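Below is one structure, written out as structure tokens, with a few remarks after it.
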Amino acid sequence: MLDKYLDIKPEVLEAIKEGRAVVALESTIICHGMPYPRNVETALNVEKIIRENGAIPATVAILNGKIKVGLTEDEIEYLGKTKNVVKTSRRDIPFVVSKKLDGATTVASTMIIAELAGIKVFATGGIGGVHRGAQETFDISADLQEFAHTNVAVVCAGAKSILDIGLTVEYLETQGVPVVGFKTEELPAFYTRRSGYKVDYRVDSAEELAAALKAKWDLGLNGGMVVANPILEQYEMDYDIITNAINDAVKEAEAKGIKGKESTPFLLAKVKEITGGDSLESNIQLVYNNAMLGAQLAVEFSKLNK
């Protein structure tokens with residue numbers, strides 16, 4: 001039945017069948033995260049970095065209602081230029097598919113599709129989480145529920161700093177999701193290496209990460225893992241500058257009544273505007289850094305499963 005919906009790129013399918021390393025990639029960053037042509041350039045560079053580190057990239061999207069696992073360069077270019085692409089989370093998948101629309105997958109939907117295809121590692125920028133003021137609005141990203149029951153490890157630069165990071169950490173703990181710091185004991189906050197919140201465990205190598213993942217899933221402990229990989233020091237933003245920019249952006253979003261799936265793109269764009277574009281450069285570099293670690297993790301995990 002899945003063949004009716006899933007279109008797995010031959011190179012990716014062959015790698016999955018042979019138990020080789022594959023890394024899933026989302027497409028929201030192409031359609032809703034960066035301007036053209038930087039979005040396409042970044043997406044292609046991410047795929048290149050994954051290949052250079054021994055794994056096969058599988059960018060995920062929905063094109064004309066077909067769930068694609070692995071895109072061609074032309075398809076990435078198309079997504080980067082097209083305006084009417086639906087930001088697609090778990091709840092949106094059946095409608096984007098049945099209506100034969102184009103969809104850009106979020107963290108949650110990329111996790112779902114990666115698991116359907118048999119891919120265990122996914123690299124992205126930052127995860128969604130509990131939005132500021134959620135005690136009144138209940139605005140909590142679907143990403144967090146996905147971590148609770150979908151067996152995919154997600155390499156990220158922590159939670160996006162536009163969120164309430166403290167509540168995000170608490171929510172993940174309640175759901176039994178391990179939050180692991182790669183060479184850090186503090187959860188990074190996307191643009192910065194620090195957030196003021198501790199991770200559950202620190203690991204210092206991709207081998208150590210892979211061993212923990214294998215033990216988790218061998219024991220039937222369903223759910224994903226947050227692998228928090230801090231942005232490299234030379235690319236991180238000044239903590240006070242980015243904090244003030246985010247606070248100003250959040251106030252403007254509240255004043256304009258911007259909520260739900262529209263809030264993250266609005267806030268990221270506003271932060272980019274306030275910081276004079278510096279946040280975009282940081283965003284790109286942290287994605288590259290996560291792609292490298294994602295590939296290394298996928299390689300080590302594939303070794304343990306042969």
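Coordinate-derived values only; no laboratory data. Nothing here was measured: the structure is a model prediction, and the numbers come from that model. With ideal geometry, Cβ positions are generated from the backbone for all residues, glycine too; neighbour counts draw on all protein chains shown.
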### Query
Picking from 199, 221, 187, whose Cα lies most toward the positive end of the charge dipole for the chain (charges on Cβ: Lys, Arg +1; Asp, Glu -1)?
221
### Message
Within region 56-71, list the residues whose amide N lies under 18 Å from a label point set 7 Å along Cα→Cβ of residue 100.
### Response
62-68
## Note on the structure
About its Cα centre, region 2-304 carries a charge dipole, from +1 on Lys and Arg Cβ atoms and -1 on Asp and Glu Cβ atoms, whose size in debye to the nearest 20 is 760 debye
### Candidate aspartates and glutamates - alpha carbon under 12 Å from residue 303, same-chain residues fewer than 8 apart omitted
18, 207
### Query
Farthest toward the dipole's positive end in the chain, which of 2, 169, 84, given Cβ charges of +1 (Lys, Arg) and -1 (Asp, Glu) about the Cα centre?
2
### Task
Post the alpha-carbon centroid distance, region 18-93 to region 127-187, in whole angstrom.
22 Å
### Message
Taking 0.36 nm per residue of sequence separation and subtracting the Cα-Cα distance, how much length would be gained by fully extending the chain between residue 138 and residue 233, in nm to one decimal?
### Response
30.8 nm
### Task
Work out the FRET efficiency for residue 198 and residue 255 from their Cβ-Cβ distance, taking R0 = 51 Å, and round it to the nearest 0.05.
0.90
### Task
Any chance you could run the full-extension gain for residue 41 through residue 222? It's 0.36 nm times the residue separation minus the Cα-Cα distance, nm to one decimal.
61.6 nm
### Message
Can you classify region 1-153 as rounded, prolate or oblate using the Cα gyration tensor, where a ≥ b ≥ c are the square roots of its eigenvalues, rounded means a/c under 1.5, and otherwise it's prolate if a/b beats b/c and oblate if not?
### Response
rounded
### Message
Taking 19 Å as the cut-off for C-alpha to C-alpha distance, list the pairs among 4/68; 48/306; 216/306; 120/216; 83/160 that go past it.
### Response
48/306; 83/160
#### Entry: Charge-dipole axis of region 94-150 as Lys and Arg at +1 and Asp and Glu at -1 on Cβ define it, positive-most pick from 144, 128, 111
111
## Note on the structure
The extension gain from residue 1 to residue 145, computed as 0.36 nm times the residue separation minus the Cα-Cα distance, is 49.3 nm
### Between region 227-246 and region 193-215, the Cα center-to-center distance that results, in Å
19 Å
### Query
For the chain, what are the DSSP H helices with axial Cα length of 20 Å or more and mean Kyte-Doolittle hydropathy of at least -1.0?
38-52, 239-256, 278-304
### Summary
With R₀ set to 45 angstrom, the calculated FRET efficiency between the beta-carbons of residue 306 and residue 174, to the nearest 0.05, is 0.80
### Query
Under unit Cβ charges (Lys, Arg +1; Asp, Glu -1), what dipole magnitude, rounded to 20 debye, does region 1-115 have relative to its Cα centre?
460 debye
